[in-house]
Each structure stands twice: as structure tokens, then as C-alpha cells.
Amino acid sequence: MEILQWIVIGVLVYIIYYLINKYERRVDELTRLIELNREEINKNKNNIQKNAEGVNANKEKIEQIQ
């Protein structure tokens, strides 16, 4: 009966180890994706600023024509 208890304990330890590793891999992947998104957001902010300047320039040209 004692061997059965140790087998159950061993299986539980393995399951906990497996779940922790799986969770850590998922967290690493999410962290990587967040960093990629952060870089893309910064690029988009720069594009938005450039486009806003272009819109203002076009608006001024239209106002001068009228």
C-alpha cells in the first residue's frame, strides 16, 4: 500500500511540474507578442503624426485656394 501512495505522489508532482512548465511557456509567448505589439504601436504613432501633418498641410492649401 505504501508503494501506491508514492506512485500517486510521484504522478501528482509530475502533473504539477508539467502544468507549471506549460504556464511558463505561455507567459513567455504572450510577453513576446506584447513586445511585438508595442513596437508596432510606436510605428503607428509615428505614422499618425506624419499623416496629421500632411492633413494640416492639405487643409492649409485648400483654405488658400478658397
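Computed from the coordinates by the stated procedures, all read-outs in this text should not be read as laboratory data. Computed from a prediction, not measured in an experiment: that's the story for all the values here. Note that each Cβ is placed from the backbone with ideal geometry, even for glycine, and that neighbours are counted across all protein chains shown.
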Given charges at Cβ of Lys, Arg, Asp, Glu: the chain dipole, positive-most of N37, I7, Q49: Q49
Degrees between helix 2-65 axis and first principal axis of the chain (Cα, 0 to 90, nearest 10): 0 degrees
Student exercise, the chain dipole from Lys, Arg, Asp, Glu Cβ charges, in Debye to nearest 20: 220 debye
Residue-span extension gain [E29 to V13] - 0.36 nm each, minus C-alpha spacing: 3.3 nm
Matching label, Cα Rg over 2.2 N^0.38 Å computed from the structure shown, candidates (i) 1.33; (ii) 1.11; (iii) 2.63: (iii)
I62-K43 pseudo-label distance in nm [points 7 Å out on the Cα-to-Cβ vector]: 2.9 nm
Lysines whose Cα lies under 30 Å from that of K50, excluding same-chain neighbours fewer than 8 positions away: K59, K61
